[in-house]
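No value in this document is a laboratory result; all are computed from the given coordinates. Since this is a predicted model, take the numbers as computed values, not measurements. Glycine also receives a Cβ, built like all others from the backbone with ideal geometry; neighbour counts cover every protein chain displayed.
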Amino acid sequence: MKTALVKNLRKIINWLFPEDAVCIGCGKDLFVENKRYCLCDDCQKLITPITTRCLKCGRPTEYGEYCPTCTKEKIYFERNYSCFAYDGLIRKIITAYKFNNKRYYAKYLASFYVDKIIEENIGVDVLTAVPMTKSHQRERGYNQCDFIANEISERLSIPYVKEIYKKSDRTRQLGKSYSERKKNADNAYYTKSNVYEGLRVLVIDDIYTTGSTMNNMAKALLKSGAKSVIGLTLCAVKARNSKEEGSSLNDILLDS
Ligand SMILES: [Zn+2]
Ligand SMILES: [Zn+2]
């Protein structure tokens, strides 16, 4: 009798507050525990931090202090930090957040970013999120990084300055030569004012793959006068050697 009562009560709570009731990893009922990340104990164990990482881009690496890309290429940001490797459960969660309209995950995922900022003692003046093109955002209905940036800004009282934009170059890429397209991709982001001038800027993104998004964001911010740029992403894909990395063009066109 008591179990049935609890079950029904649970059903009512789930119906009233769907976003606080179940683990975002496995869907198991959560009561009062683990509300900061909305993950049950079992799922929390399935998300592990990066142990060996590149000191520049923060990706998991087995190449020593710096990954092959950071050794060879010009990197505009000071440093990028990632909370987790992009695999297993966190990959499943982030996919649901981005593509299955689980917007309410933002406040839980933001907790991981907040932890990282505190743990690494990241000092910045303002933060911003990687923008989407207008048409891309219309398609998806929301910018997943924007929601997370808002949460972090509120919790840590770091101003969120949304003055960087992404050019809508997808259709204009058609018919262009490879080098023209690459140049377009490298200059995908721009600012309209000098609002970032003299500031240390933290860029929020969800996944760090080859790094071209973060690098191009940093390039645009520095161009507009920012003092320095630090990146922070929830996940990072393991660093590979240069041949395996593919072109930054693929990254910027496919990964957003
Ligand atoms: Zn779970
Ligand atoms: Zn690196």
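Filtered by the rule that a residue be of a type outside the set (D, E, K, R) and within 10 Å of ligand 2 (Cβ to nearest atom), the range 22-59 gives CYS54, LEU55, CYS57, GLY58. ILE93 satisfies every condition listed in (1) surrounded by fewer than 21 Cβ atoms within 10 Å (Cβ to Cβ); (2) within 17 Å of the chain's Cα centre (by Cα); (3) within 16 Å of ligand 1 (Cβ to nearest atom) except (1).
The C-beta contact set for the range 151-166 (first residue more than 26 Å from ARG138 (Cβ to Cβ), second residue part of a strand (DSSP E or B), distance under 9 angstrom, 6+ apart or interchain) comprises LEU156/LEU127; ILE158/VAL126; ILE158/LEU127; ILE158/LEU202; PRO159/VAL126; PRO159/LEU127. Taking the stated definitions as given, is LYS116 in contact (Cβ under 8 Å) with a residue 12 or more places away in the chain and out of contact with any Leu (no Cβ under 9 Å at 6 or more places or on another chain)? Criteria not met by LYS116. Of the numbered criteria (1) assigned to a loop (DSSP other than H, G, I, E, B); (2) more than 19 Å from the chain's Cα centre (by Cα); (3) within 13 Å of ligand 2 (Cβ to nearest atom), the one PHE77 fails is (2). Per the conditions (1) part of a loop (DSSP other than H, G, I, E, B); (2) surrounded by 16 or more Cβ atoms within 10 Å (Cβ to Cβ), the sole criterion not satisfied by TYR105 is (1).
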